[in-house]
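Step one of this worksheet: look at the structure below.
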Amino acid sequence: MASIETPTTTLRRPAGYIARLGEWAINTNLALGDMGVFFLSTLYWIFRWPGRRAISETFAQMYEMGTKSIPVVMIGGGFIGAVLAVETLPQFQEIGLASRVGSIIVISVVKQVGPILTAVMLAGRLGGAMTAELGTMRVTEQIDALRVMGADPIRTLVVPRVLACVIMTPILTLYSDAIGILGGWLVAVRVEGVRNYPFWHYAAQSTDLFTVNVGLIKAFFFGIVISTVACYKGFRCGNGAQGVGRACTEAFVTGFCLILLSNFILALGLNNLYNALYPNQPSVL
Amino acid sequence: MPDQSMQNSPPTPSPLIRFENVHKRFGSLVVLNGVSVAFAEGKTTVVLGPSGTGKSVLLKHIVGLLSPDSGSVYYRDMRIDHLKDRGMEPIRRKIGFLFQLSALFDSMTVGENVAFPMREHSGLSKSEIRDRVAERLAMVGMENTENKMPGELSGGQRKRVALARAIALNPELVLYDEPTTGLDPIRSDVINELILKLHEELKVSAIVVTHDMTSAFKVGDRLVMLMGGGIIADGTADELRAHSDPRVQRFIAGRADEEDLRALHRI
Ligand SMILES: Nc1ncnc2c1ncn2[C@@H]1O[C@H](COP(=O)(O)OP(=O)(O)OP(=O)(O)O)[C@@H](O)[C@H]1O
Ligand SMILES: [Mg+2]
């Protein structure tokens, strides 16, 4: 079980660049290891069945997360789709292929922009709220109180949030995808006068179920990253209001970097999977 | 009911909680520097000491929220300082902990807070829990507040709700971290009476951390004073009043020492 006590294992002995680099590497590794243990205890409780109350708390969290995030996700997605149309349409028009703009909008939105943009917005919106809430609970000894009353804090606090976030991120990504495509359609068809039928025809031709699934698989992993990092930073938060504020900033920055990193790794992995499944087609990832 | 059997058991001489040469530091700050102290079963022991000497840290060692850098902590004859959360669970179930800052769950109502330990651990039905929550809240003078949120309460009211939560499961040991701080004198006396009542009727053992000397002398069978990382005084109220150490005398009388006063006059 991960202890709530602030880890005292970090090294602090500045002496020259090499030593400082080594120190940074060790501290980063310790922090990553600590976060890994934290994540494993979360998995442990999920697979050991966290109990009925954790599950009903999960639904409460899903409702909370969904209602809070739909507006920001839709606004963000819509404008990105619109901007994509604004920027790419002139290029397509120049070579007389304006009706093909639908495919590029759909591919970029469904595969890259939708999942990543949604994840980054959720890291700010949900991650920030989670870190602040759990951090405040830590600072005011509520997490200690849970432990004293024999309720595992990971089971009661972290599991519902991670589960809810993992379920909601793909759903919100779908929303963002849909509104993004709609935004692109508005600009291309309604404003710039691209014909409606070819827009949708090429849009549909360029995507298949695999493409949509790629976005959802990514969203699933982004959900894990966002919630685990946010909960971890809340649990390890420093003292006072300042500690909570700093934990929120760190949660966002760490979450953001890990989203981009995992996106890269997933793109490589899924690309290989695609080549294995459809060997004679050009890679679409 | 477990209380019934406890009532009839004869008092045992072996201590309930025992610290043996416990050292604890945070970074370079040494808080406990070889503390050895025992807390007797069925007795109320008051822990005194200036702010910041580690009284709360001492209590947290008993429930395993902190573990010593060296030395050991025993619950009856069982060594508990190296136990993990899962191993500590049966012991924590027998201990009620009143946190210094109350630590009420602020996403739950007052009623849910008090019901929380019962929902986690007792096989009580919903209506039994509701009755017991009402009874515990009445004991601390907070009846009919079940549906309030902790954020709507004053500091003293939160403390009383936290006390109701700490005694929800009929614990055999209650750790009170400053139970009367922030309460008016009359409320404080009600809490003192509550501590005495739990002690007399249910034979609850208690460790009370306090700065309130009236409360300390009223509820304490025995008083220990923690200062500078160690126990500097240990005895009954009368023994403490007659203690030869000037630091103990100053603390009991609430007198600033010369050095503090000199610092003030320099301003
Ligand atoms: N988790 C922690 N991390 C770092 N330092 C801590 C921690 N807990 C306590 N301390 C430090 O240990 C010292 C003793 O703290 P403690 O809370 O036990 O004091 P106290 O005797 O209860 O004081 P008060 O009467 O004001 O409550 C303080 O200087 C505090 O800063
Ligand atoms: Mg204290």
Exercise. From the list B:226, B:175, which residue is within 16 Å of ligand 2 (Cβ to nearest atom), more than 12 Å from the chain's Cα centre (by Cα) and under 23 Å from residue B:36 (Cα atoms)?
Worked result: B:226
Problem set entry | Residues satisfying the stated conditions in the range B:131-157, i.e. out of contact with any helix residue (DSSP H, G or I) (no Cβ under 7 Å at 6 or more places or on another chain), in a helix (DSSP H, G or I) and either closer than 24 Å to residue B:193 by Cβ or away from every other protein chain (no Cβ under 14 Å) (or both) | B:131, B:134, B:135, B:138, B:152, B:155, B:157
Problem set entry | Subset tally (residues that are of a type outside the set (A, V, I, L, M) and under 30 Å from residue A:124 (Cα atoms)) for the range A:192-224 | 10
Exercise. Does the range A:207-218 contain at least one residue that is surrounded by fewer than 23 Cβ atoms within 10 Å (Cβ to Cβ), modelled with pLDDT of 90 or more and not assigned by TED's automatic domain parsing to the domain that holds residue A:39?
Worked result: yes
For this session: Give the number of residues within the range B:211-267 that are free of Cβ contacts under 8 Å to residues at least 40 places away in the same chain and farther than 18 Å from residue B:46 by Cβ.
Result: 15
Exercise. Taking the range A:118-136 only, how many residues are within 14 Å of chain B (Cβ to nearest Cβ) and crowded, with 24+ Cβ neighbours inside 10 Å?
Worked result: 3
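Return yes when residue B:128 is of a type outside the set (Phe, Trp, Tyr), part of a helix (DSSP H, G or I) and closer than 18 Å to residue B:97 by Cβ and no when it is not.
So residue B:128 fails the test.
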Seminar exercise, completed: Taking the range A:167-206 and keeping only residues that are buried (at least 16 other Cβ atoms within 10 Å of the Cβ) and either β-branched (Val, Ile, Thr) or in contact with a strand residue (DSSP E or B) (Cβ under 6 Å, 6 or more places away or on another chain) (or both), one is left with A:167, A:169, A:171, A:173, A:179, A:181, A:187, A:189, A:194
Seminar exercise, completed: Scanning the range B:49-98 residue by residue, the ones that are within 14 Å of chain A (Cβ to nearest Cβ), touching a Lys or Arg at 6+ places or on another chain (Cβ under 8 Å) and within 16 Å of ligand 1 (Cβ to nearest atom) total 9
Seminar exercise, completed: Output for Cβ contacts, cut-off 9 Å, separation at least six or different chains, first residue within 11 Å of ligand 1 (Cβ to nearest atom) in the range B:19-33, second among the acidic types (Asp, Glu), reads B:24/B:69; B:25/B:69; B:32/B:69
Problem set entry | Index of the failed condition, residue A:224 passing every other in (1) in contact (Cβ under 8 Å) with a residue 60 or more places away in the chain; (2) buried (at least 16 other Cβ atoms within 10 Å of the Cβ); (3) more than 17 Å from the chain's Cα centre (by Cα) | (3)
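Return yes when residue A:259 is assigned to a helix (DSSP H, G or I), within 30 Å of residue A:143 (Cβ to Cβ) and in contact (Cβ under 8 Å) with a residue 40 or more places away in the chain and no when it is not.
yes
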Problem set entry | Spans of helices (runs of 4 or more DSSP H) in the range B:168-244 with at least 3 residues not charged (D, E, K, R) | B:185-202, B:213-219
For this session: Among the numbered conditions (1) within 13 Å of ligand 1 (Cβ to nearest atom); (2) of a type in the set (Ser, Thr, Tyr); (3) within 11 Å of chain A (Cβ to nearest Cβ), tell me where residue B:107 comes up short.
Result: (1)
Seminar exercise, completed: By residue number, the members of the range B:24-60 that are in a loop (DSSP other than H, G, I, E, B), within 15 Å of ligand 2 (Cβ to nearest atom) and under 18 Å from residue B:220 (Cβ atoms) are B:49, B:50, B:53
For this session: Check off (1) under 16 Å from residue B:44 (Cα atoms); (2) away from ligand 1 (no atom under 16 Å from the Cβ) for residue B:208 and give me the number that stays unchecked.
Result: (2)
Exercise. What tally of residues in the range B:110-130 results from selecting those that are facing chain A (nearest Cβ under 8 Å) and among the acidic types (Asp, Glu)?
Worked result: 1
Exercise. Is it the case that some residue within the range B:196-203 is at pLDDT 90 or above and within 16 Å of ligand 1 (Cβ to nearest atom)?
Worked result: no
For this session: Tell me which residues, restricted to the range B:144-154, are under 24 Å from residue B:208 (Cβ atoms) and surrounded by fewer than 12 Cβ atoms within 10 Å (Cβ to Cβ).
Result: B:154
Problem set entry | helices (runs of 4 or more DSSP H) contained in the range A:90-163 and holding at least 1 residues in contact (Cβ under 8 Å) with a residue 12 or more places away in the chain and among the charged types (D, E, K, R) | A:128-139, A:142-148
Exercise. Taking residue B:46 and the conditions (1) within 24 Å of residue B:25 (Cα to Cα); (2) more than 16 Å from ligand 1 (Cβ to nearest atom); (3) among the β-branched types (Val, Ile, Thr), which numbered condition does it fall short on, given that it satisfies the others?
Worked result: (2)
Problem set entry | Residue list for the range B:56-71, filter: farther than 12 Å from residue B:17 by Cα and touching a residue at least 60 places away in the same chain (Cβ under 8 Å) | B:56
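The values are calculated or read from the model by the stated rules, or taken from the named source; none is laboratory data. All of these numbers come straight from a predicted model, not from anything done at the bench. Note: ideal-geometry Cβ built from the backbone for every residue, glycine included; neighbour counts use all protein chains shown.
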